[in-house]
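Just dropping this structure here.
The values are calculated or read from the model by the stated rules, or taken from the named source; none is laboratory data. As the structure is a prediction and not an experimental result, all values here were calculated from the model. We place every Cβ from the backbone using ideal geometry, glycine too, and count neighbours over all the protein chains shown. Heavy atoms of the whole protein, side chains included, go into the accessibility calculation; ligands, DNA and RNA do not. Shrake-Rupley method; radii C 1.70, N 1.55, O 1.52, S 1.80 Å.
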Amino acid sequence: MRESFFENTELIGLIGHPIKHSYSPFIQNYALELKQLDFVYLPFDVPAENLKIAVTAILALGLKGLNVTLPHKEKIIKFLDELSEEASIIGAVNTIVNDHGKLMGYNTDAHGIIETLLPFKDIVTNSNVTVIGAGGSARAVIYTLLRHFKPEMINIINRTQQKADTLVNDFSLKMRYDSFHTFELFPPDNKETLSNSKLIVNATTMGMFPDVEDTITDIEDSFNEEQIVFDLIYNPTKTKFLQMAESQGAKVVGGLQMLISQAAKSFELWTGVEMPTSEIAGKLENYIQKNSAQ
Ligand code: NAP
């Protein structure tokens with residue numbers, strides 16, 4: 001554990017609301033310590049009405065950068081100077097870099113999604129896939145699928161179907177892809193769509209701590225043993241949704257690997273140094289076990 005901070009110590013951190021249960025401070029500070037970098041990463045709970053002031057503070061206080069989480073990933077864009085290609089297409093930013101007074105917005109979630117799905121590339125390419133959700137992270141999933149996995153067809157299921165339709169319009173224009181179908185989230189009706197998909201991704205907040213008993217569907221026939229089911233939620237590490245898919249023989253993947261991979265990309269953008277991800281993964285699992293036992 002470091003013992004002191006000096007005038008050259010760089011400040012990085014996280015803004016969101018609420019942020020109490022985020023693992024990012026643990027991941028980033030542990031990686032900084034392993035690499036002996038003179039940075040410190042702090043969480044800042046910023047409600048929506050303070051977002052603009054918080055962005056001004058990056059410049060006023062000379063922060064090196066910030067992670068951005070719920071609910072600010074989309075609204076923060078109008079306060080930034082420039083966006084990376086993926087952040088601009090996705091329409092959401094999860095990492096800001098203060099580049100000598102210029103605020104650059106990136107979306108490293110896309111990198112976390114690539115790293116998580118890469119082992120299944122052969123299954124996903126040219127297949128039917130379903131994304132549940134139409135928020136910022138669903139957009140990152142769809143960008144990544146189109147850019148790197150080339151599925152045959154993408155179904156989007158969302159509680160508010162109109163948001164799914166807006167998303168489809170955006171991506172059809174920006175990425176010239178038109179094999180989308182949208183559906184309202186209504187589990188009995190979604191069964192066929194889900195069971196005919198080789199990849200199912202939950203990109204909603206349904207099932208996230210503390211509402212761990214919630215699930216997108218409790219219809220077992222939605223799943224089968226030829227599927228990959230990926231839930232972006234990392235707390236709990238295996239959601240009720242994943243438990244059900246696994247019970248039907250599907251291969252399931254939780255959000256922890258994505259969390260670490262997106263954190264690694266942000267770390268690299270701020271420090272120029274590669275994050276030692278395998279060491280972090282082991283430590284993070286211990287940290288989660290210890291904290292969920294309390
Ligand atoms: P967001 O932009 O707020 O979108 C939330 C989505 O969840 C929307 O599609 C919303 O539907 C849906 N939703 C919310 N409550 C619901 C309910 N009760 N029933 C059905 N649908 C509901 O959030 P986000 O940034 O995309 O994040 C989504 C999830 O991804 C979160 O759990 C987050 O922790 C996770 N995530 C994980 C990582 C990682 O590294 N593993 C990274 C980013 C995000 P409506 O459109 O109808 O409101």
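Give the residue list of trypsin sites (Lys or Arg not before Pro) in segment 126-191 that are DSSP loop and have at most 15 other beta-carbon atoms within 10 angstrom.
Taking segment 126-191 and a limit of 15 other Cβ atoms within 10 Å, the loop trypsin sites (Lys or Arg not before Pro) found are Arg159, Arg176.
Run the reach check for Lys121 against aspartates and glutamates, Cα to Cα strictly under 18 Å, same-chain hits fewer than 8 apart removed. What comes back?
Output for Lys121: Asp109, Glu152, Glu225, Glu226, Asp231.
Return the percentage of antiparallel bridges among DSSP beta bridges fully within the chain, rounded to the nearest 5 %.
20 percent
Of all the accessible heavy-atom surface of the chain, with the other protein chains kept in place and a 1.4 Å probe, what percent is carbon and sulfur?
Carbon and sulfur together cover 49 percent of it.
Under 5 Å between amide hydrogens, which residues at least 5 positions from Asn155 or on another chain qualify, with H placed 1.01 Å from N in the peptide plane?
Answer set, sorted by chain and number: Val129, Thr130, Val131, His181.
A follow-up question, please. Towards the positive end of the charge dipole of segment 240-294, with charges on Cβ (+1 Lys, Arg; -1 Asp, Glu), say which of Val252, Gly282, Gly272 has the farthest Cα.
Val252
Separate question: Could you report the chain's accessible area per residue, 1.4 Å probe, as an integer in Å²?
Ligands and nucleic acids excluded, the result is 49 Å² per residue.
Quick one: check the C-alpha center-to-center distance for segment 199-263 versus segment 97-150, whole angstrom.
17 Å
Something else: Compute the long axis of helix 256-271 from its Cα atoms, compare it with the longest principal axis of the Cα atoms of the chain, and write down the angle in degrees, 0 to 90, nearest 10.
Long axis of 256-271 versus the principal axis of the chain: about 30 degrees.
Oh, and also: From the cross-link list Lys191/Lys251; Lys174/Lys198; Lys64/Lys290; Lys240/Lys265; Lys240/Lys290; Lys150/Lys283, which pairs have alpha carbons spaced over 23 Å apart?
Too far apart for the 23 Å limit: Lys174/Lys198; Lys64/Lys290; Lys240/Lys265; Lys150/Lys283.
Any chance you could run the full-extension gain for Gln36 through Ser278? It's 0.36 nm times the residue separation minus the Cα-Cα distance, nm to one decimal.
85.4 nm
Can you show me the helix-derived [θ] at 222 nm for the chain, built from DSSP H runs with n ≥ 4 at -39,500 (n - 2.57) apiece and divided by the number of residues, rounded to the nearest 500.
Estimated from H runs of four or more residues: -11500 deg cm²/dmol.
Pop a pseudo-label 7 angstrom from the Cα along the beta-carbon direction at both Lys102 and Thr237 and give the gap in nm to one decimal.
According to this spin-label approximation, the distance is 4.2 nm.
Label Asp178 and Asp122 with points 7 Å out from Cα along Cα→Cβ: what is the distance between them in nm?
3.3 nm
Using only alpha carbon pairs under 8 Å that are at least six residues apart, calculate the relative contact order of segment 10-79 and give it in whole percent.
Answer for segment 10-79 is 47 percent.
Using a cut-off of 15 Å between alpha-carbon atoms, which aspartates and glutamates can reach Lys102, once sequence neighbours fewer than 8 places away in the same chain are excluded?
Answer for Lys102, where 15 Å is the Cα cut-off: Asp81, Glu82, listed by chain and number.
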